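Asks: Next up is a structure, given as structure tokens.
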Amino acid sequence: MRQDQLSQKTDWLSVLLFGVLVMAGWLNIYAAEYDPEVNQSIFDFSTSAGKQLIWIATSVVIAFTIFFFDYKFFDSFAYVIYGVVMALLLFILIGGKEVAGSRSWVGIGGFGLQPSEFAKFATAFALARYLNHPTRKLTDLNTLMVAFAIILLPMAMTILQGDTGTALVFAALVLPMFREGMPPLLLIIGVSILAVFLLTLLVSQTVLLAGIAVLTLLALGLNARNPKRLVYIVASAIVVTFAVRSVDFILTDVLKPHQQKRVLSLVNPNIDPLGAGWNVTQSKIAIGSGGFAGKGYLEGTQTKFDFVPEQTTDFIFCTIGEEQGWLGSMLLLGLFTTLLLRLAHLAERQKSTFSRIYGYSVIGIIFFHFTVNIAMTIGLFPVIGIPLPFFSYGGSSLWAFTILLFSFLKLDAHRMQVLQRW
């Protein structure tokens, strides 16, 4: 396809939304660090805003470079990309740089890169490549096990690095599996286990187990004539019971002390108001103080006086809430929602199974980051330290999201062509 034809087939709405989100993020990174007494320029490369401008410029180069790749490259080299990134994750476990208790960084000159960010699109490529085979169906146990293994490998390695938050993002890849025919029961069980985990923090285990027993007996009575359903009901009850009984073990033996406090502070923000609960409390104050229209750009008092830690990265949303208010927050939510709906439209029109699965992987990853990041800032989800896509400060995340998005846009531009491997 010639470059003029490629330009015509490129989804420019997605490109525009990418540009708006990136530039809005840059302006808010500057606002989050703005000090009226110093009055540093937004182009000062010693500040986060100045450094982010460098990452933005390099991301634009990456986006243009992707469009010069042959569209068959992604499918043909999916396993190679996955293998290289997995090897890099293994290297990080041995010789990685530790930042904020997580050994997940590699130093390059004066900058640091986080390979686990790149593992997201690498895993999406590998999953799409594996499922892009006419004989592989997600109703088949072997196919299901291999697909989950592709996802669980980077997840496990990221957890070993001490970055549980990033590891949880890989769970978003269940979305394309569900779209491609994974039994809904598995998704229901997964959501139920998460709900039970949170309920166990609020209600005593004795009460929960009694409730599970009553519901199980009721379900068995209503489905007494369907042996297959009886097996599913009993299996589900066993899994949920195991989840309830394992909560104490997870909290005390799996999660680190600061992670335990973050989970517990979700239920009771006053449990550690000056520690784990501080970030969320100050974030909610900042967002709430913005009111309907906000205090105005560079006028956020919570922001100016550094009440909210990590405000250029994990808590960038509270800058919007304080300075732009409800209107600015709704506008940001609208931009992300429009992007996700547009990507869903693009994914559904793909002729290639590989492109469709990869497209839904992109949607799942962006959706997970977007919802969890904002939920963290308003106290609806434990603080797990993941950035707001295209918006938060950070070169690794911006590069990774750029590759994730523009690889799909490149595939979409060739959607009418038969995808054959080299």
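The values are calculated or read from the model by the stated rules, or taken from the named source; none is laboratory data. Fair warning: this is a prediction, and the values are worked out from it, not measured in the lab. Here the Cβ is made from the backbone with ideal geometry for all residues, glycine too, and neighbour counts use every protein chain on show. The protein model used for the area step is the full one, side chains on, heavy atoms only, and it has no ligands, DNA or RNA in it. Shrake-Rupley method; radii C 1.70, N 1.55, O 1.52, S 1.80 Å.
Asks: State which residue is farthest from Asp163 (Cα to Cα) when the search covers only the stretch 281-316 and only residues that are aromatic (Phe, Trp, Tyr) and either open to solvent by less than 40 Å² (accessible area, probe 1.4 Å) or touching a residue at least 12 places away in the same chain (Cβ under 8 Å) (or both).
Replies: First pass over the stretch 281-316, keeping only residues aromatic (Phe, Trp, Tyr): 292, 297, 305, 307, 315.
Filter once more, so that each one left must be either open to solvent by less than 40 Å² (accessible area, probe 1.4 Å) or touching a residue at least 12 places away in the same chain (Cβ under 8 Å) (or both): 292, 297, 307, 315.
On the way: Phe292: 36, Tyr297: 33, Phe307: 25, Phe315: 17 Å.
For the stretch 281-316, the residue satisfying everything is Phe292.
Asks: Right, next: Taking the stretch 366-390 as the region of interest, how many residues are at positive phi and open to solvent by 10 Å² or more (accessible area, probe 1.4 Å)?
Replies: So the first thing to find is which residues in the stretch 366-390 are at positive phi, and the list is 379, 385, 390.
Keeping just the survivors that are open to solvent by 10 Å² or more (accessible area, probe 1.4 Å) gives 379, 385.
Qualifying residue count, the stretch 366-390: 2.
Asks: Further question on the same structure: So in the stretch 383-404, with the set limited to residues that are in a helix (DSSP H, G or I) and in contact with a Phe, Trp or Tyr (Cβ under 6 Å, 6 or more places away or on another chain), which one is modelled with the lowest pLDDT? Can you show your working first?
Replies: Narrowing the stretch 383-404 to residues in a helix (DSSP H, G or I): 395-404.
Pick out the ones that are also in contact with a Phe, Trp or Tyr (Cβ under 6 Å, 6 or more places away or on another chain) and you get 395, 398, 400-401, 403-404.
Values: Gly395: 88, Leu398: 95, Ala400: 95, Phe401: 97, Ile403: 96, Leu404: 96.
Only one residue fits best here, namely Gly395.
Asks: Could we say that Phe408 is modelled with pLDDT of 95 or more, among the aromatic types (Phe, Trp, Tyr) and closer than 30 Å to Asn279 by Cα here? First the steps, then the outcome.
Replies: Values: modelled with pLDDT of 95 or more: yes; among the aromatic types (Phe, Trp, Tyr): yes; closer than 30 Å to Asn279 by Cα: no.
Answer is no for this residue.
Asks: Could you check how many residues of the stretch 198-220 are in a helix (DSSP H, G or I) and either open to solvent by less than 60 Å² (accessible area, probe 1.4 Å) or of a type in the set (Asp, Glu) (or both)? Give the steps one after another, and end with the answer.
Replies: First, pick out the residues of the stretch 198-220 that are in a helix (DSSP H, G or I): 198-202, 205-220.
Narrowing the set further to residues that are either open to solvent by less than 60 Å² (accessible area, probe 1.4 Å) or of a type in the set (Asp, Glu) (or both) leaves 200-201, 205, 208-213, 216, 219-220.
Total satisfying the criteria: 12.
Asks: Evaluate the following for Phe381: is it in contact (Cβ under 8 Å) with a residue 24 or more places away in the chain and either under 29 Å from Tyr130 (Cα atoms) or of a type in the set (Val, Ile, Thr) (or both)? Walk me through it before giving the result.
Replies: Working: in contact (Cβ under 8 Å) with a residue 24 or more places away in the chain: yes; either under 29 Å from Tyr130 (Cα atoms) or of a type in the set (Val, Ile, Thr) (or both): no.
No.
Asks: Another one. Tyr393: in contact (Cβ under 8 Å) with a residue 40 or more places away in the chain, surrounded by 21 or more Cβ atoms within 10 Å (Cβ to Cβ) and either aliphatic (A, V, I, L, M) or under 23 Å from Asn279 (Cβ atoms) (or both), yes or no?
Replies: Numbers: in contact (Cβ under 8 Å) with a residue 40 or more places away in the chain: yes; surrounded by 21 or more Cβ atoms within 10 Å (Cβ to Cβ): yes; either aliphatic (A, V, I, L, M) or under 23 Å from Asn279 (Cβ atoms) (or both): yes.
Against the criterion (in contact (Cβ under 8 Å) with a residue 40 or more places away in the chain, surrounded by 21 or more Cβ atoms within 10 Å (Cβ to Cβ) and either aliphatic (A, V, I, L, M) or under 23 Å from Asn279 (Cβ atoms) (or both)), Tyr393 qualifies.
Asks: Quick one: Leu298 ticks every box in (1) farther than 29 Å from Ile403 by Cα; (2) in a helix (DSSP H, G or I); (3) at pLDDT 70 or above bar one, so which box is it?
Replies: Just one mismatch for Leu298, condition (2).
Asks: Being assigned to a helix (DSSP H, G or I), surrounded by fewer than 20 Cβ atoms within 10 Å (Cβ to Cβ) and at pLDDT 80 or above is the filter here; which residues of the stretch 1-25 pass it?
Replies: If we filter the stretch 1-25 for residues that are assigned to a helix (DSSP H, G or I), which is where we start, we get 3-9, 12-25.
From what is left, the residues that are surrounded by fewer than 20 Cβ atoms within 10 Å (Cβ to Cβ) are 3-9, 12-13, 15-16, 19-21, 23-24.
Hits for the stretch 1-25 are Lys9, Trp12, Leu13, Val15, Leu16, Gly19, Val20, Leu21, Met23, Ala24.
Asks: So which residues in the stretch 317-359 are under 18 Å from the mean Cα position of the chain (by Cα), surrounded by fewer than 14 Cβ atoms within 10 Å (Cβ to Cβ) and aliphatic (A, V, I, L, M), if there are any at all?
Replies: Residue satisfying the conditions is Leu341 alone.
Asks: Filter the stretch 42-85 down to the residues that are outside any helix (DSSP H, G or I), of a type outside the set (A, V, I, L, M) and open to solvent by less than 40 Å² (accessible area, probe 1.4 Å), then identify the one that is modelled with the lowest pLDDT.
Replies: Tyr71
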